[in-house]
């Protein structure tokens, strides 16, 4: 059974290849959508090529609503979008995918039923098809190569639905078993390096030593260091010192 999650229905209008239907199902399920409706598929239904391509999203194909025409596919809906890459001689609002799915989310939250039409692979929908929609979704693609694969267009709209209907984390840090280094830990690392660099004669000439140390401190403070990073950098410096001391010992021997 379809999930209870409020969502739009995605309607594939006269799809031609079973593989594209299966890929569209997979794209929908990637983003939690499972209301697929299929209008007059060229090669009949069910289609084994669609099942093979769905790769884990076969349930959507099993539960898809098969319809003879667009009117039957969207008859229970209150608002319908039609995706098209070409300019049409029809007076309708034209949405970007992002704003279309935001509008879909608002309408669905208000209790309305929304559908999105996707045309056949060869040439998309005819004006007679689009005339049955309330609005158009136009993807801002390369004007000299505007044709999108059916599953790609489904994926794009499904992704925008996910963005509009859920809280998407724009950025997160994966710390992989560690924590951010505390200020005192970074300060200890800075002093460790200053001491060893001073002994190695790095701060030369003497009258520039203070500014060089300040630049180094500023560099450490800009770096987003974890505790593991700090431990690693301490270890690098210790090993370099040991290597120097072993070399000096070998020469004396």
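The values are calculated or read from the model by the stated rules, or taken from the named source; none is laboratory data. Keep in mind the model is a prediction, meaning the values are calculated, not measured. FYI the Cβ positions are ideal-geometry reconstructions off the backbone, even for glycines, and counts take in every protein chain you see.
Summary of values
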read-out: Within the stretch 1-22, tally of residues that are free of Cβ contacts under 8 Å to residues at least 40 places away in the same chain and farther than 21 Å from residue 48 by Cα; value: 3
read-out: Any hit, the stretch 118-138, residues being assigned to a helix (DSSP H, G or I) and out of contact with any strand residue (DSSP E or B) (no Cβ under 8 Å at 6 or more places or on another chain); value: yes
read-out: Residues that are touching a helix residue (DSSP H, G or I) at 6+ places or on another chain (Cβ under 6 Å) and within 27 Å of residue 178 (Cα to Cα), drawn from the stretch 195-224; value: 196, 217, 220
read-out: Output for the stretch 148-198, where each listed residue is farther than 17 Å from residue 102 by Cα and touching a strand residue (DSSP E or B) at 6+ places or on another chain (Cβ under 7 Å); value: 150, 175, 178, 179, 180, 181
read-out: From 189, 197, 155, residue being surrounded by 12 or more Cβ atoms within 10 Å (Cβ to Cβ) and under 30 Å from residue 37 (Cβ atoms); value: 155
read-out: Where a residue in the stretch 198-225 is part of a helix (DSSP H, G or I) and its partner, wherever it lies, is surrounded by fewer than 12 Cβ atoms within 10 Å (Cβ to Cβ), with Cβ under 9 Å and at least six apart; value: 212/204; 221/183
read-out: Strands (runs of 3 or more DSSP E) (entirely within the stretch 25-83) containing at least 2 residues that are surrounded by 22 or more Cβ atoms within 10 Å (Cβ to Cβ) and free of Cβ contacts under 8 Å to residues at least 40 places away in the same chain; value: 36-39
read-out: First in the stretch 168-181 and surrounded by 10 or more Cβ atoms within 10 Å (Cβ to Cβ), second anywhere and in a loop (DSSP other than H, G, I, E, B), Cβ under 9 Å, 6 or more apart; value: 180/173; 180/224; 180/225; 181/224; 181/225
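Conditions (1) modelled with pLDDT of 95 or more; (2) over 43 Å from the mean Cα position of the chain (by Cα), marked per residue:
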site: 211; (1), (2): yes, yes
site: 214; (1), (2): yes, no
site: 224; (1), (2): no, no
site: 230; (1), (2): yes, no
site: 233; (1), (2): yes, no
site: 243; (1), (2): no, yes
site: 246; (1), (2): no, yes
site: 249; (1), (2): no, yes
site: 252; (1), (2): no, yes
